[in-house]
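Beneath this line is the structure, given in structure tokens, with notes to follow.
The values are calculated or read from the model by the stated rules, or taken from the named source; none is laboratory data. No experiment lies behind these values; they were computed from the predicted model shown. Neighbour counts are summed over all protein chains in view; Cβ atoms, including those assigned to glycine, are modelled from backbone coordinates with ideal geometry. Accessible surface is based on the protein model in full, side chains and every heavy atom, while ligands, DNA and RNA are left aside. Shrake-Rupley method; radii C 1.70, N 1.55, O 1.52, S 1.80 Å.
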Amino acid sequence: MLIDEINRRRTFAIISHPDAGKTTLTEKLLLFGGAIHVAGAVKSNKIRKTATSDWMEIEKQRGISVATSVMGFDYGDYKVNILDTPGHQDFAEDTYRTLTAVDSVIIVIDSAKGVETQTRKLMEVCRMRKTPVIVFINKLDREGKDPFDLLDEVEAELQIKVRPLSWPIDMGQSFKGVYNIFEKKLDLYTPSKQTVTESVEFKDIHHPELEKYVSQTNADKLRTDIELIEGVYPEFETADYLKGELAPVFFGSALNNFGVKELLDCFVKIAPTPRPIQAEERLVHPEEEAFSGFVFKIHANMDPNHRSCIAFVKICSGKFERNVPYKHVRFNKMLKFSAPTAFMAQKKSVVDEAFPGDIIGLPDTGNFKIGDSLTSGEDLHFKGLPSFSPEMFKYIENADPMKAKQMNKGIDQLMDEGVAQLFVNQFNNRKIIGTVGQLQFEVIQYRLLHEYGAQCRWEPLNLYKACWIESDHPEELENFKKRKYQFMAKDKEGRDVFLADSSYVLQMAQNDFKNIRFHFTSEF
């Protein structure tokens, strides 16, 4: 029973550079899964729906995704869980963490822009974890680079072997469709956002019938292209894909719903089922009887009417059941959950049970931190959920003294989400927010105002880096803290943080205090 449930699960993240069409692709996948009935791209006369997965107010205004959303749906015999991640680089940290909770990844690339920097960084994380990737080259209904050039670029930039499983017939204005190499079918293109394409079984493209569907020129080009592909690229072996050594490539246009179903059909067949996960103690296999899982994300205020936080838990092994007590490893106490939820973007429904590969939401009243483990009783610590050393810093000040309580609660909850980090300067007790990018300051300000009714003001602060410090020599540590007392702060966990105002100062400190260890991520 457990094995059947594990084998039908496919949990993956969609990653890309902003604007490559990631959220649109997510929408269309949900459309095929019957999880939504109209895509967000549809503009009706009176109401303009926005994309289902971008539900936070600020995302609707900006048209970008800033928080990872989780969506699950059934497709045929499979249960598919999609995590749509923010593409914007200021939120890369959220995306890195999400990659620890998925078994495979779909990378979306814009056919006109090719591989962009953000995509490269994310691919490094996939390579490190040997996560299987599928590449979807999007926006073929616009003029773009030559498909062979795109494949070379993907190989060079993402350092992975590729194998096209579908091939475009022309592009831009004269885009005719794709030939599906994986299923030996011809998919013909009609621009429309809701209809599904006409597809013709076509085993042998050398058959003269081909000219009935596409022009002579297109038919000849397709035949030479396919010959070239068969000659240049290795045969597609599922095993190589699962090892993370070969990326199958699909072409299409997500906005026009083209090439998406082919991607999904191939994906559910070849993508990995939930995989074993490494804990500090041992390797945890999904088919074990005992339940285990970890928190990879915390989100405040999914429902603005109820001030609540939700901890997103990835289930690693066994079966999770509602109202059964599980051990919170860090607290060493048993907790039970009466309202665990499954997600469909912002819509949640209470679940009675969940299986490895699933992502569930647990109402959080301040019990959870990113990286916490829940188990049936065993002490397990899942690792690899980094939080990075911030690169931008500002003092945060309360602009409305009457709202100090709301302000503090808001800062606390938003910091728990891991969007940014809070440091309290030991010298003047002022609060400092550190982020990886400018946009996060705007998001924090916006959310404090709209979700907590608190107004904040930023004051500039010129710092180079925040580093966590520790030492086995207490007297040297004390000495350091005395010498640098204006630049010492505590993080949310009460650990010592040194705020270096230039790379020179940091280097001198490292030279002068040989017995102090300086860490640039908070996980050590």
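What order do GLU451, GLU281, GLU155 take when sorted by accessible area (1.4 Å probe), most exposed first?
Numbers: GLU451 25, GLU281 85, GLU155 65 Å².
Accessible-area ranking of GLU451, GLU281, GLU155, largest first: GLU281, GLU155, GLU451.
Express the carbon and sulfur contribution to the solvent-accessible surface of the stretch 234-281 as a percent, rounded to the nearest whole number, probe 1.4 angstrom. Please list the in-between numbers first.
On the way: 800 of 1650 Å².
Looking at the stretch 234-281 in its full context, I get 48 percent from C and S.
What percentage of the solvent-accessible surface of the stretch 351-493, computed with a 1.4 Å probe over protein heavy atoms, is contributed by carbon and sulfur atoms? Walk me through the intermediate numbers first.
Working: 3200 of 6450 Å².
For the stretch 351-493, the apolar C and S fraction of the accessible surface comes to 50 percent.
May I ask you to give the solvent-accessible area per residue for the stretch 421-524, in square angstrom, as obtained with a 1.4 angstrom probe?
On the way: 5320 Å² over 104 residues.
That works out to 51 Å² for each residue.
Please find the FRET efficiency linking ARG483 to ASN408, where r is the Cβ-Cβ separation and R0 is fixed at 25 Å, and quote it to the nearest 0.05. List each step's numbers first, then the result.
Values: r = 31 Å, r/R0 = 1.24.
About 0.20, to the nearest 0.05.
Just subtract the alpha-carbon distance of HIS381 and ARG223 from 0.36 nm times their residue separation and send over the number in nm, one decimal.
On the way: separation 158, 0.36 × 158 = 56.88 nm, distance 5.37 nm.
My answer for the length gained is 51.5 nm.
Cross-link partners among lysines for LYS184, C-alpha distance below 23 Å, same-chain residues fewer than 8 apart left out?
The qualifying lysines are LYS28, LYS139, LYS161, LYS176, LYS203, LYS212, LYS221, LYS261, LYS269.
First measure r as the distance between the Cβ atoms of PHE520 and GLU157, then evaluate 1/(1 + (r/R0)^6) with R0 = 30 Å and state the FRET efficiency to the nearest 0.05. Can you show the working numbers first?
Values: r = 26 Å, r/R0 = 0.86.
So the FRET efficiency works out to roughly 0.70.
Return the lysines within reach of LYS319: Cα separation strictly under 20 angstrom, same-chain partners fewer than 8 residues apart disregarded; answer none if there are no such residues.
The qualifying lysines are LYS79, LYS327, LYS333, LYS336, LYS348.
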